[in-house]
Amino acid sequence: MLNTMKKSIIGAGMALAFTLAGCGAQGSDDVVIYTNADEEATASMETALDAAGYEGEYILQSQGTSELGGKLLAEGDQIEADVVTMSSYFLDSAQEQNEMFADLTFEAEALEEHPSYYTPVLGNTGAIFVNTEVLKQHGLESPESIADLAKPEYEGLVSIPNIEDSSTAWLMVQAVISEYGEEEGKAILQDLIANVGPHLESSGSGPISKVQAGEVAAGFGLRHQAVAAKESGAPIDFVDPAEGNFSLTEAAAVVNKEDDEKSQKAMEMAEVISTDAREELLTYYPVALYKGETVDETHEPAHPKTFDQPLNVELLEQHQALFNFAK
């Protein structure tokens, strides 16, 4: 099962490579940047790069996490990209398999230790969120845990992302497995997915959209989205689950290539992305990653936790298999 999943990821990457062939910048002086970041993040990166004098000197291509991850695993240092911003667990797996990234030549004073070949760009934290009006309509108490969402009274009233499509779902699965173990966690996920029914979303932003629209009473997704929805005046509240707020980091890495001049420019751009872009990125992804950064208390999760195993593609595949078994 896991080998099949890995082949699927790699196959997706190889297919994308053929699709993009001929539309890149091979042989060009332009630095090619591949990213799995969403629109707000890519816009922040472009603003910082342009302000630093690199306008017109780079090509930034956005790709899905599984597609870009597949390319990293399949192509290694033969990938067209010079810079990659990507979920850090995928960078770790790609480096372990292909030894494709150069050690960074700059130090940005990150709060947490990280490998020498990447530096954090942004962080995402998971949480539960609720529509307070829909809760009242159904006579429901606000949930305190992910396990609460698996109770019978929430049938048809919960939305979560699908771990096959969204890394946001992995934040939820990590919390469940960490707190309850695989056997009890599998049972909770089975009841939870049954309650979700047609509200299993392919996007990490899908659940907050369903909750805001009043289609469901509760959901799991990115904490900062719920905070923003509440601050906008919507009948939304956020809940830090008793199982813990788990986080994922996206990071910047430079592909180890022979072109010294272009590689130096790529290294400089990676530094700009991880430093100059941070002020704007913090407004969209309020997770402090570097010394001197602060966020409003509202954005500080009550139960921050980390999984007790290193995050990598292999662990993701294990949790995907467990999630799919619970469907």
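The values are calculated or read from the model by the stated rules, or taken from the named source; none is laboratory data. All values derive from a computational prediction rather than experimental measurement. Cβ sites come from the backbone with ideal geometry, for glycine too, and all protein chains shown count toward neighbours.
Assorted remarks:
- Residues of the range 223-263 that turn out to be part of a helix (DSSP H, G or I) and not assigned by TED's automatic domain parsing to the domain that holds Tyr180, as a count: 4
- Residues (outside any helix (DSSP H, G or I) and either over 13 Å from Val255 (Cα atoms) or over 21 Å from the mean Cα position of the chain (by Cα) (or both)) located in the range 83-100: Ser87, Glu99, Met100
- Residue that is surrounded by the fewest Cβ atoms within 10 Å (Cβ to Cβ), among those in the range 191-212 that are in contact with a helix residue (DSSP H, G or I) (Cβ under 8 Å, 6 or more places away or on another chain), modelled with pLDDT of 95 or more and polar (S, T, N, Q): Gln212
- Residue check: Leu140 meets all listed conditions (1) assigned to a loop (DSSP other than H, G, I, E, B); (2) closer than 20 Å to Glu317 by Cβ; (3) modelled with pLDDT of 95 or more but one, namely (2).
- In the range 122-160, the residues that are free of Cβ contacts under 8 Å to residues at least 12 places away in the same chain and on the phi > 0 side of the Ramachandran plot: Gly139
- Ala266 vs. criteria in a strand (DSSP E or B), at pLDDT 95 or above, under 26 Å from Glu109 (Cβ atoms) and not aromatic (Phe, Trp, Tyr): no
- Among the candidates Ile79, Ile9, residue that is crowded, with 19+ Cβ neighbours inside 10 Å and modelled with pLDDT under 85: Ile9
- Scanning the range 143-182 for residues that are assigned to a strand (DSSP E or B) and hydrophobic (A, V, I, L, M, F, W, C) yields a total of 2.
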